[in-house]
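Visitor: Let me begin by handing over the structure; questions about it come next.
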Amino acid sequence: MSGISEFLDTLLDETVDFARDELKVLVKEAKNDNRVFIKHMGDLTEEFIKLRALGQLTNDEFEELMEDVVDLNKMQFHKLSVQAKARAERVANGIRDLVINSLLSLIKA
Amino acid sequence: MKYIKIYISIFMMLAISGCVHLVSYYDSVSYKNLTDMKGEMKVFFQSCQKEVAKGEYALSAIDGFVLSSAKAYEYEKGKGLNDDTISQLKTLEKTIVEVKSRYSSNVYSGSTCEARAEGVAPDASTGCLTIGYCIAKWKILETAFDIAITTEQSKIEEFK
């Protein structure tokens with residue numbers, strides 16, 4: 001296993017209707033961002049999806065950790081430039097919509 | 001009305017000259033609280049990334065972190081013009097309390113650490129933290145501490 005596609009394949013049945021491409025783009029773009037904090041949010045999201053796919057985290061632990069990533073954005077928020085704030089907020093909203101609200105409810109127990 | 005204008009003018013002049021601060025000063029106690037907590041938690045989490053955290057020793061260490069973070073939060077709350085740091089410490093405290101809740105909601109049985117069927121146990125000493133959780137949670141805590149520490153450091157630059 002190496003990338004987010006493989007981790008998602010492990011977690012979800014092929015037939016499950018989930019915005020895989022949207023999540024892949026969100027993580028890829030965050031990881032490639034030149035702002036350290038936004039890149040870090042992308043890295044953490046991929047790392048935690050990987051740990052969940054490897055069975056090293058339960059769904060409950062995974063949810064707590066993804067909520068923590070969103071909280072980190074709140075901690076860092078006032079230190080970001082206006083442009084970075086907008087970008088960080090988009091990544092945090094994407095994590096909430098795609099991972100916490102959607103992926104978690106679909107993951108195989 | 002005339003006096004209000006005079007007061008505003010004086011305030012503006014003092015603010016421009018740097019005599020009035022809109023955020024709290026750099027505080028070496030705040031800085032030490034954060035770096036001490038980070039160091040102590042780093043040792044604990046490095047250990048539980050190799051072996052499941054369990055037993056009275058782990059529980060006592062986690063209780064110590066909860067207490068330290070509560071004290072640090074209350075210390076910051078007592079200062080004026082400190083909203084950013086107070087909000088950061090509140091998030092940090094919540095994240096650390098989650099570790100205690102996770103420990104209590106797991107049970108160490110045989111050689112495995114699993115979620116309790118009955119939820120949180122009254123006797124938390126039988127709890128545990130899995131290796132995977134320790135790996136991931138430390139990444140969160142390390143980032144959270146770094147954000148709070150650099151915020152405190154930035155106050156030195158701000159008031160130079």
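Laboratory data are not the source of any read-out in this text; all were calculated from the coordinates shown. Note that the structure is a prediction, hence the values are computed from the model and not measured. Please note: Cβ atoms are built from the backbone with ideal geometry, for glycine as well, and neighbour counts cover all protein chains shown.
Visitor: Please compare each pair in A:LYS85/B:LYS71; A:LYS79/B:LYS139; B:LYS79/B:LYS100; B:LYS38/B:LYS155 to a cut-off of 25 Å on the Cα-Cα distance and tell me which ones are over it. Numbers along the way, then the final one.
Guide: Working: A:LYS85/B:LYS71 30 Å; A:LYS79/B:LYS139 20 Å; B:LYS79/B:LYS100 28 Å; B:LYS38/B:LYS155 19 Å.
Over 25 Å Cα-Cα: A:LYS85/B:LYS71; B:LYS79/B:LYS100.
Visitor: Let me ask something additional. Sum -39500 (n - 2.57) across every DSSP H segment of at least 4 residues in chain A, then divide by the residue count to get the 222 nm mean residue ellipticity, nearest 500. Walk me through the numbers before you get to the answer.
Guide: Values: 5 runs with 70 residues, N = 109.
It lands at -20500 deg cm²/dmol.
Visitor: How large is the Kirkwood hydrodynamic radius of the protein assembly as shown, in angstrom, based on all distinct alpha carbon pairs? If you can, show how the numbers build up before the last one.
Guide: Numbers: mean 1/r = 0.0488 Å⁻¹.
Taking every pair of different Cα atoms in the protein assembly as shown, averaging 1/r and inverting gives 20.5 Å.
Visitor: Which one, A:THR45, A:THR15, A:THR58, has the greatest fluctuation when you compute a Gaussian network model over chain A with C-alpha springs under 10 angstrom?
Guide: A:THR15
Visitor: Where the only charges are on Cβ atoms (+1 Lys, Arg; -1 Asp, Glu), what is the dipole of the protein assembly as shown about its Cα centre, to the nearest 20 debye? Walk me through the intermediate numbers first.
Guide: On the way: 34 positive and 41 negative charges, 232 e Å.
Dipole of the protein assembly as shown, to the nearest 20 debye: 1120 debye.
Visitor: If I take all pairs of Cα atoms in region A:4-106, what percentage of them are more than 21 Å from each other?
Guide: Numbers: 1499 of 5253 pairs.
Looking at region A:4-106, the distances longer than 21 Å represent 29 percent of pairs.
Visitor: Average partner chain C-beta neighbours within 10 Å, per residue of B:91-100? Could the numbers behind the result be given before it?
Guide: Numbers: counts 5, 2, 0, 3, 7, 0, 0, 5, 1, 0.
Taking all residues of B:91-100 together, the mean is 2.
Visitor: Which ordering of A:GLU64, B:GLU76, B:GLU98 is given by a fewest-first count of other beta-carbon atoms within 10 Å? List each step's numbers first, then the result.
Guide: Numbers: A:GLU64 21, B:GLU76 25, B:GLU98 18.
By the 10 Å Cβ count, ascending: B:GLU98, A:GLU64, B:GLU76.
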